[in-house]
Amino acid sequence: MTLYELEQGEKGIVTKVRGRGAFRKRITEMGFVKGKVITVVKKAPLRDPVEYNIMGYAVSLRQSEAQLVEVTTAYETADAEIQNGDYSGTIDENLLKTSARGKGKVIDIALVGNPNSGKTTIFNYASGSREHVGNYGGVTVDSKQAKFKLNDYTFNIIDLPGTYSLTAYTPEELYVRKYILGFHPDIVINVVDASNIERNLYLTTQLIDMDIKVVIALNMYDELIRKEDKFDFDSLGKMIGIPFVPTVGSKGTGITELFKKVIDVYEDKEPSVRHIHINYGNNVESSIHTIQKELKKNKGLTDKVSSRFYAIKLLEKDKGAQFSLSRTKNYEKIKEVAESEIYKLESQLIEDSETLITDAKYGFISGALKETYQPNKFKRKLKTDTELIDTFITHKIFGFPIFIFFLWIMFQTTFKLGEYPQNWIESIIGLTGDFFTGILPDSIFKDLFINGIIDGVGGVIVFLPNILILFFFISFMEDTGYMARAAFIMDKLMHKIGLHGKSFIPLIMGFGCNVPAIMATRTLENRNDRLLTMLINPFMSCSARLPIYILIIGAFFQGNEVTVLFSVYAIGIFFAIFFAVLFKKTILKSEEAPFVMELPPYRLPTLKTTLRHMWNKGSQYVKKMGGVILIASMVIWALGYFPINTDIASEFNDKISKTESIYEAQLKDLKIGSDEYSKINTRKVSEINTLNYEKTRLLQEGSFIGIIGKYIEPVMRPLGFDWKMSISLLAGVVAKEVVVSTLGVLYQAEENPDGNNETLQNKLQSATYTEDDKAGKPVFTPITAFAYLMFILLYFPCVAVIAAVKKESGNWKWALFMITYTTVVAWIVAFLVNQAGNLIF
């Protein structure tokens with residue numbers, strides 16, 4: 001709790017002082033240090049300021065200042081003792097101080113750095129987490145939190161999105177800045193890529209302006225050594241007042257040393273730590289000083305945030321800073337002074353004020369590195385491995401064929417290699433179903449277990465190998481750095497549709513899952529570009545659709561599986577391009593944003609790393625089976641089971657009993673195993689299976705799901721879809737895998753008339769209409785199957801994606817628009833495929 005939360009007469013022990021700069025120095029000099037007892041003497045009539053007693057003398061603090069001092073009380077200590085089972089009934093001052101020392105050893109850390117600098121790798125290694133790490137920018141699009149211990153200290157560590165700057169251009173830049181300024185972490189670990197020091201240090205200069213405690217993790221230090229560059233990071237650390245610790249996050253090298261250094265900085269034991277001012281030149285410095293004077297009239301604000309930082313941001317015309325300051329009493333005056341100083345600078349120096357500050361920052365970095373960094377001049381003349389590979393990978397002629405070849409290999413392997421384990425799992429599920437059919441007595445539970453759970457979930461789990469293979473390829477492309485090259489290759493095409501290469505990353509992420517792909521649009525600077533990328537993302541087939549594709553393609557396009565699968569993905573990309581062009585010219589007009597994207601060096605990931613990333617993604621598929629797919633399968637089964645038409649059930653049960661009696665009489669005098677016995681027994685089994693099939697069909701059509709299906713069937717009939725296909729599409733709104741489990745429940749529940757134990761693919765191939773006008777005709781034909789694939793491809797992915805669009809766009813308008821337009825497009829395209837296909841073929 002904070003000091004301000006203490007009531008009059010209450011005592012507390014100081015555990016931590018937040019805030020910065022002059023405030024922190026002043027208050028610690030007054031005795032506000034860890035372990036000191038403080039008492040609330042009295043609060044002013046309006047509760048601000050408050051008089052406290054510490055070390056025997058009275059001090060007065062404003063509310064805003066008291067909120068920056070953390071304390072522990074007897075109540076908190078007693079609660080902790082009770083939870084640990086150590087409470088003796090009394091809390092003395094020594095116990096309070098012990099508790100305060102423990103709480104004072106909790107360090108809040110924020111990991112900040114450029115995209116692809118290795119923040120998440122350090123986060124994972126330090127905390128034992130398994131967050132996704134990719135060799136391209138924009139992997140971490142939200143914050144990740146973890147807790148771990150070292151040397152009696154507890155670290156609360158947060159991995160913030162990668163950002164090149166703290167200027168409010170993109171959502172992730174604003175997010176990082178808001179976190180640092182709003183939550184006041186004790187230490188910021190600035191992760192700097194040792195292979196690109198100059199560019200990475202630009203963010204460091206902004207942290208210096210903030211006047212906060214920083215430790216630099218000089219990550220990928222092994223690459224700097226391998227290049228034989230010389231870097232005196234200790235001297236640079238003393239120069240800028242921030243200690244450097246070399247690390248290799250992927251191997252865990254230097255991580256322990258990094259957090260030991262964090263402890264030293266936190267405890268004010270690191271001698272190199274000091275606050276410096278970057279010199280922006282006399283003119284700019286004069287303007288900063290003038291704006292600071294006006295800012296410092298807001299004491300509560302400048303205790304938390306450096307007035308110098310805000311003054312610099314105002315000179316940079318930063319809208320985020322203007323918004324934050326708009327709540328201050330003298331904002332209009334601050335704004336007036338800032339605009340006057342900007343006009344003065346730009347008039348005097350004939351240069352944009354933002355450019356002046358940026359140039360000064362890079363000048364500061366260049367000067368600091370000139371004294372401490374010396375590249376290997378001889379080795380730099382040779383082409384690096386990355387440059388040699390990029391000669392072909394990003395070549396204007398070879399780049400596209402190589403990219404298409406990689407995609408073809410991915411689909412070929414996904415389908416062909418995945419076929420073997422898929423068949424094994426199918427056999428296991430079939431044997432499992434037969435086993436429980438034999439041992440369980442006839443009951444509702446048996447029907448639910450066999451026809452609901454095993455057929456529903458089992459119909460989806462058979463595609464797990466294909467999903468894992470797809471994710472293996474995607475993970476490998478991400479980890480090596482090829483994904484960023486794909487964006488580079490596609491840049492020219494993306495420009496033609498009104499976007500740029502950076503949008504390609506969220507789009508290609510959509511092949512894995514559309515939800516993180518929607519979140520990854522945060523890396524785009526322009527709001528209209530973000531909305532446009534979100535709206536076309538559903539056309540990139542997520543992995544949840546893959547089981548449906550494999551099921552339908554395997555059943556109706558045998559011999560051409562890879563070609564059809566590749567075509568489905570290609571059609572999705574075509575529609576994404578088409579609607580991008582359409583929306584860019586109509587509802588989402590905006591100026592073209594420049595393409596600035598990092599091409600990281602190629603890195604060969606270990607098999608363990610790629611397999612771990614593959615499984616992290618694949619495990620979401622497994623979790624769905626135990627969650628949404630299991631529940632959906634049970635709901636679909638229940639809707640298909642109830643209400644039970646007792647008249648139909650009784651009628652067919654009587655027919656089955658009579659049939660059994662007739663055949664038993666015929667078999668009575670025949671020798672078991674004789675030809676005549678076998679022929680009659682085969683006819684008996686066939687007739688009983690036919691009756692069971694007809695009974696199940698009629699009961700299903702009269703059930704709730706049959707009623708719903710028949711209700712929506714007229715809308716879907718022009719597409720060639722029967723009521724079962726229509727229901728499966730409706731169920732797919734929850735999650736696309738549910739389409740397969742629904743088909744499993746609806747079709748596997750029907751016993752085949754010939755009594756064979758068939759797979760779901762066989763059931764779909766043999767499914768026929770029962771209505772008079774189409775009786776005996778197949779439900780699925782290659783044309784109907786392709787129209788079905790088109791509908792699955794084009795209508796919106798699932799409710800989770802809609803929720804993500806609502807969250808990222810800020811309102812329901814765009815989410816509802818996505819639902820409407822994708823579903824309409826899906827219906828029209830499936831209709832055209834069905835009608836044109838039937839006319840031609």
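For VAL799, project a label point 7 Å along Cα to C-beta. Then give me every residue of the stretch 703-745 with its amide nitrogen under 13 Å of that point.
It comes to 731-736, nothing else.
Treat every Asp and Glu Cβ in the chain as -1 and every Lys and Arg Cβ as +1, leave all other atoms uncharged, and give the resulting dipole magnitude about the Cα centre to the nearest 20 debye.
Working: 95 positive and 92 negative charges, 482 e Å.
Value, rounded to 20: 2320 debye.
Hey, can you rank 438-451, 606-619 by average C-beta count inside 10 Å, highest first?
Working: 438-451: 13.1, 606-619: 16.4.
Descending packing order for the listed peptides: 606-619, 438-451.
Using the Karplus equation 6.51 cos²θ - 1.76 cosθ + 1.60 (θ = phi - 60°), what ³J(HN,Hα) coupling, rounded to whole Hz, does each residue of the stretch 361-373 give in order, writing x for Gly and Pro?
Residue by residue, the stretch 361-373 yields 4, 5, x, 4, 5, 4, x, 5, 6, 4, 8, 10, 10 Hz.
First check a/c for the stretch 327-457, with a ≥ b ≥ c the square roots of the eigenvalues of its C-alpha gyration tensor; if it is under 1.5, answer rounded, and if not, answer prolate when a/b is larger than b/c or oblate otherwise.
In terms of gyration-tensor shape, oblate.
Give me the net charge of TYR795's neighbourhood, meaning all other residues with Cβ under 11 Å from the Cβ of TYR795; Lys, Arg count +1, Asp, Glu -1.
Details: positive: ARG545, LYS736; negative: none.
So the surrounding residues net to +2.
Tell me which lysines have Cα within less than 28 Å of LYS608's Cα, excluding those fewer than 8 residues away on the same chain?
LYS119, LYS144, LYS147, LYS149, LYS227, LYS251, LYS416, LYS617, LYS623, LYS624
Write down the percent of antiparallel bridges among all DSSP beta bridges whose residues are both part of the chain, to the nearest 5. Walk me through the numbers on the way to the answer.
Numbers: 29 of 49 bridges.
So the antiparallel bridges in the chain amount to around 60 percent.
Determine the alpha carbon to alpha carbon distance for each of LYS299/LYS344; LYS297/LYS335; LYS25/LYS329; LYS317/LYS585; LYS178/LYS304 and list only those over 22 Å. Write down the numbers at each step before the final one.
On the way: LYS299/LYS344 27 Å; LYS297/LYS335 14 Å; LYS25/LYS329 26 Å; LYS317/LYS585 30 Å; LYS178/LYS304 12 Å.
Pairs exceeding 22 Å: LYS299/LYS344; LYS25/LYS329; LYS317/LYS585.
For the chain, just say rounded, prolate or oblate: build the C-alpha gyration tensor, square-root its eigenvalues into a ≥ b ≥ c, call rounded for a/c under 1.5, and beyond that prolate if a/b exceeds b/c, oblate if not. Before the final figure, lay out each step's value.
Values: a/c = 2.43, a/b = 1.85, b/c = 1.31.
Judged from the Cα gyration tensor, the chain comes out prolate (a/c at least 1.5, a/b above b/c).
If you look at just the Cα atoms of the stretch 653-747, how large are its Rg and its Dmax in Å?
When restricted to the Cα atoms of the stretch 653-747, Rg and Dmax are 19.6, 57 Å.
If I stretch the segment between GLU664 and MET239 completely, what's the gain in nm (0.36 nm per residue apart, minus their alpha carbon distance), one decimal? Provide the component values of the computation, followed by the final result.
On the way: separation 425, 0.36 × 425 = 153.00 nm, distance 9.91 nm.
Here the answer is 143.1 nm.
Using alpha-carbon pairs under 8 Å, 6+ residues apart, how would you state the relative contact order of the stretch 288-340 in percent?
Details: 37 pairs, mean separation 23.1, N = 53.
Here the relative contact order equals 44 percent.
Hey, what's the chain come to in accessible area per residue, 1.4 Å probe, Å²?
On the way: 38060 Å² over 841 residues.
So the chain comes to 45 Å² accessible per residue, rounded to a whole number.
So how tilted is helix 782-794 from the main axis of the chain? Cα-based, degrees 0 to 90, rounded to 10.
20 degrees
Could you calculate the FRET efficiency of LYS396 with LYS608 from 1/(1 + (r/R0)^6), where r is the beta carbon distance between them and R0 is 41 Å, rounded to 0.05? It would help to have the intermediate numbers written out before the result.
Details: r = 36 Å, r/R0 = 0.88.
The formula returns an efficiency of 0.70 here.
So what's the angle, to the nearest 10 degrees on a 0 to 90 scale, between helix 482-496 and the longest Cα principal axis of the chain?
Between the helix axis and the principal axis of the chain, the angle is about 90 degrees.
Under the classification rounded if a/c is under 1.5, otherwise prolate if a/b is larger than b/c and oblate if not, where does the stretch 323-370 fall, given a ≥ b ≥ c as square roots of the Cα gyration tensor eigenvalues? Mind showing how you got there, number by number?
On the way: a/c = 4.29, a/b = 1.80, b/c = 2.38.
Because a/c hits 1.5 or more and a/b fails to exceed b/c, the stretch 323-370 counts as oblate.
Report, to the nearest 10°, how far helix 399-412 tilts away from the longest principal axis of the Cα atoms in the chain, using its own Cα long axis and a range of 0 to 90°.
Roughly 50 degrees between the two axes.
Roughly how many percent of the accessible protein surface of the stretch 593-710 is carbon and sulfur, given a 1.4 Å probe and a whole-percent answer? Each step should come with its number before you reach the end.
Values: 4230 of 6890 Å².
Summing carbon and sulfur atoms, their accessible area is 61 percent of the total for the stretch 593-710.
The values are calculated or read from the model by the stated rules, or taken from the named source; none is laboratory data. If you're wondering where the values come from, they're calculated on a predicted model, not measured in any experiment. Cβ atoms come from the backbone with ideal geometry, glycine included; neighbour counts cover every protein chain shown. Surface accessibility is based on the protein's heavy atoms, side chains included, excluding ligands, DNA and RNA. Shrake-Rupley method; radii C 1.70, N 1.55, O 1.52, S 1.80 Å.
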